[in-house]
1. Rounded to the nearest 0.05, what FRET efficiency is calculated for B:ASN33 and B:LYS10 with R0 set to 22 Å and r the Cβ-Cβ distance?
2. Using a 1.4 angstrom probe on protein heavy atoms only, which residues from the range B:128-149 are buried by at least 30 Å² of accessible area when all chains are present rather than their own chain alone?
3. What figure, in Å² to the nearest 10, do you get for the accessible area of A:ARG303 with a 1.4 Å probe and non-protein molecules left out?
4. Computed on protein heavy atoms with a 1.4 Å probe, what is the summed buried accessible area for the chain pair B and A, in Å² to the nearest 100?
5. Around A:LEU122, with a cut-off of 10 angstrom between Cβ atoms, what is the net charge of the other residues, counting Lys and Arg +1 and Asp and Glu -1?
6. Quick check: residue separation of A:ALA25 and A:ILE272 times 0.36 nm, minus the Cα distance between them. What number comes out in nm?
7. Take the Cα pairs of chain A, get the Kirkwood Rh, then feed it into Stokes-Einstein at 4 °C and 1.567 mPa s and tell me D in µm²/s.
8. A:LYS180 accessible area, nearest 10 Å², 1.4 Å probe?
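The values are calculated or read from the model by the stated rules, or taken from the named source; none is laboratory data. This structure is a prediction, so every number in the text was calculated from the model and none was measured. In this analysis, Cβ positions are derived from the backbone assuming ideal geometry, glycine residues included, and neighbour counts consider all displayed protein chains. Each accessible area value is taken on the protein alone, full model and side chains, heavy atoms only, with ligands, DNA and RNA left out. Shrake-Rupley method; radii C 1.70, N 1.55, O 1.52, S 1.80 Å.
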Number of protein chains: 2
Amino acid sequence: MGRARKSSTKRATLADVAKVANVSAITVSRVINQPGKVSPELGQRVQEAIDMLGYIPNQSASSLASARSGVIGVSIPSLSNVVFNDVLRGIYDVAGASDYKVLLVDTHYSPLEEEKMVRTLLSQSPEAMIITGGDQTRACERMLAKAGMPVVQIMELLEQPLDMNVGFSHYQAGYDVALKMLATGCNQLGFVGARMDARVQQRMAGFVDALRAKNKLNQEYIVTTPEPSSIALGGELFRSLLSASSGAVDGIFCCNDDLALGALFESQRMNIKIPTEMSLCGFNDFETSAYVNPSLSSVHVPRYEMGVKAAEMIINVLNDKGVADKTLDIGFEVILRQSSRASVPPQ
Amino acid sequence: MGRARKSSTKRATLADVAKVANVSAITVSRVINQPGKVSPELGQRVQEAIDMLGYIPNQSASSLASARSGVIGVSIPSLSNVVFNDVLRGIYDVAGASDYKVLLVDTHYSPLEEEKMVRTLLSQSPEAMIITGGDQTRACERMLAKAGMPVVQIMELLEQPLDMNVGFSHYQAGYDVALKMLATGCNQLGFVGARMDARVQQRMAGFVDALRAKNKLNQEYIVTTPEPSSIALGGELFRSLLSASSGAVDGIFCCNDDLALGALFESQRMNIKIPTEMSLCGFNDFETSAYVNPSLSSVHVPRYEMGVKAAEMIINVLNDKGVADKTLDIGFEVILRQSSRASVPPQ
DNA sequence: GGGGCTAATGATAGCGCAAACATTGGGTGC
DNA sequence: GCACCCAATGTTTGCGCTATCATTAGCCCC
C-alpha cells in the first residue's frame, strides 16, 4: 500500500537540492541557516531548487550533526487543567518567536510518570526544559542535573530550585486569603480542597496557619479529597463541609475556582444567601468568576506572564545573554468580589 | 559559565555503554529496542552499564538511522480554547500508551501560520499528522500529500478529506438547535457568533437554513464579530442583539458556551427572565453549563473520544492494521436544560 | 606590486544510531 | 555422525546534515 506516489518516492535531501542547483550541499545548508553568507544570486538559485523539490530539512540529521535541536521540553501535570493553558500560551508565544519548538508532555500529577516523561524529553535532546513544581524524583533530578541544560521550574516558588524558577508563593496566597476573609467579617472559616497536589497543600497550609495565628482554626472545617477538581465535586464538597460543620461555617476558601463555582452554584440551589450567609473565595480567577452572579472572589495569578518569563529566561540563557535573577516571584492578587461580605462593585 | 560539570562532560553514547558492558554497540541497541533478542544475563549486564552511565538514547540519531521518529505531529488553532484540551487529552492518552511522542503546534486560527507550522512539524519527520479542520492552504495540502504519511483531520466532517477524518457536522448541529428551539416555543430566534472560523460559520449556516426553511429568519437577529470569544464578549453581543432587535428576540443560539454564559450572566444582571422571556443555547457543553443556574442548554460533543479515535486510527495505520473507515462521524447531542422553555430537571 | 586580508564557495569527516549482513556455537533429526 | 538450522552476538555501512578546514578570487594598504 502507498507504494505509488507522485514525484520521487523519497523525501528530497540537501544533496538533491545541491545537484539541481549545481552547488555543493554545504551551500544549500548555508542558504537555509546562514543566508547572509551566500551571494544573493546563488541564494536565489538554491531557493528555486528548494521550492521545486519541495525540500524540507531533516531536523534529526541537523540535530545530530550540529548538536542543536531547537527544542524546548515542557512538562506539565495535566492537559485538562485550564490553569496550564495560559502558561503554555506564554511559553509557545515566546518560543515560537525565537524559532524554538516546544515538546510538551503530561505527567498526570505523578512524579514517577514525570520521571519517565523527562527521560523521553531528554532523549529528544532539548536545549532546555520547563517543568512544573519541585516534586521531582531523585532520579529525575539527577537526569536533569546530568543533562546540564537550563531548567526552569514554574508555578510555585521553590526553596532550592534545580536551576531557575518562576512562580509565586501559594502559602502566602492562602495566608492572605484567610486574613482577607476574616477582615470581611467571616468568623467560622472552612477549607475545601481536591487533588491535593503540592501547590494546593501549600495554599491550605498558609490558610490554616493564618487561622491558627488568629485563633480561628477548626480542623473539622477542613474537607479534602485526592479526587481531581470539578464543578460537580465542588458542589459535593460544599455539602460535606456544611454537614461536617452543622451549618456553622460562614466562609469557605476553595482551593480553586472549579470547586468554588461548584459551591456557589450549589449554594444557589440550596437557597443559601451569598455573601450574607456564606462567603466564598476560589483560586486562579477564571473568567467565569468575574461574571457569574454573584461574582466570585478569587486569587488572580499572571499565568500567561509566568509562561512568558520562563521562556524568556531560557532564551536568554541559550543566547548567552545571561539572566538577572535565577528566581522570579511573579506574584498574585486576592480579588474580593460579590461572594465576599465587604463586597465591591462587579468586575 | 556552566563549564564545570560532574561526571563526564558529554552525554554517554551507545558505544560508551558497550565498552563498559564489554559488548558491541548493536547489542546495547538490542537490549533497548528488542530485549527478547538478547540473552538474559547479557541483557542484565548491559542494563547495569546503562544505569551506571545514566545513558539516554539520542533520538535524533535513532530517527536518522531507522527512519522512524516515533513522533505524531498535531496542529490545533488555539492553545487557549478549552475545546481542544479534551481532544488533546484523548490524543496524548492513546499516543502515550503506544510510546509515540506528540509534537504540538498552535496555528492561531491562521491557515498561513498553519502552513508554516506544518512545515516545522514535517521537518521533525513525524510518522503521522493530526490537523484541525479543512482550511489548509494549497501549499500546505501539497506538503502533506508529498510527505505521504497518515493524516487525520479532526473537529469537523469534510467533503474531501486529505486522508482520514474524525468529526461531526457543525451544519447539522446548528440546524438541529434551530428546530429544537422552535419546538420549545421560541418565535424570534437570534444568533450570536464570534471568531467566525469555518466551524462556527457552518453552525450558523445550519441554524440560518433551518430558520429560513421554517420562514422564521430575520437577518437583523444575527450578530457576529471576528473577535475571539469570551464571556465578556458574550455579554456585549447579547446587548447588541437585544438593541438590534428592539428587544423582540425571545431565543438566542450562541456559537459557543463562552458567549452563551456571558449572555446568561448579562441577562441576570438585566433582570431578563430565563427561559420565560429569553431562551439560550450554547455550544460545546462546558461543565459550567450543566451547573450554572439556570442551567444552560448546549450541544454536547464527545471531544475526548474524538481525540482517542483520531489517534487510534493513526496507530492502526502505522501498525499496518488498516482502518475500517477513513471517515468517522463522532456525532453530537443537543441538550436542553433550564435555559430552554420546555425545561428539563437540572443535570 | 606583493603581503595579507576578507568574502564566497567547496571537500571531508563524523555526529550516534540501527539495518543488513556475517559469524559463531551449539542443538536437532535421522 | 553429519548436514542443517537457529539463537546469540558482532562488523560494516550509511542515514542527512553541519563543523571544520581548505581553496579561490578579489581587494586593500602603503
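1. It comes to 0.45.
2. Those residues are B:LYS146.
3. Its accessible surface works out to 20 Å², give or take rounding.
4. Details: alone 17290 and 17310 Å², together 29910 Å².
Roughly 4700 Å².
5. Working: positive: A:ARG119, A:LYS146, B:ARG11; negative: none.
It works out to a net charge of +3.
6. Numbers: separation 247, 0.36 × 247 = 88.92 nm, distance 7.46 nm.
Result: 81.5 nm gained on full extension.
7. On the way: Rh = 23.0 Å.
It diffuses with D of about 56 µm²/s by this estimate.
8. 90
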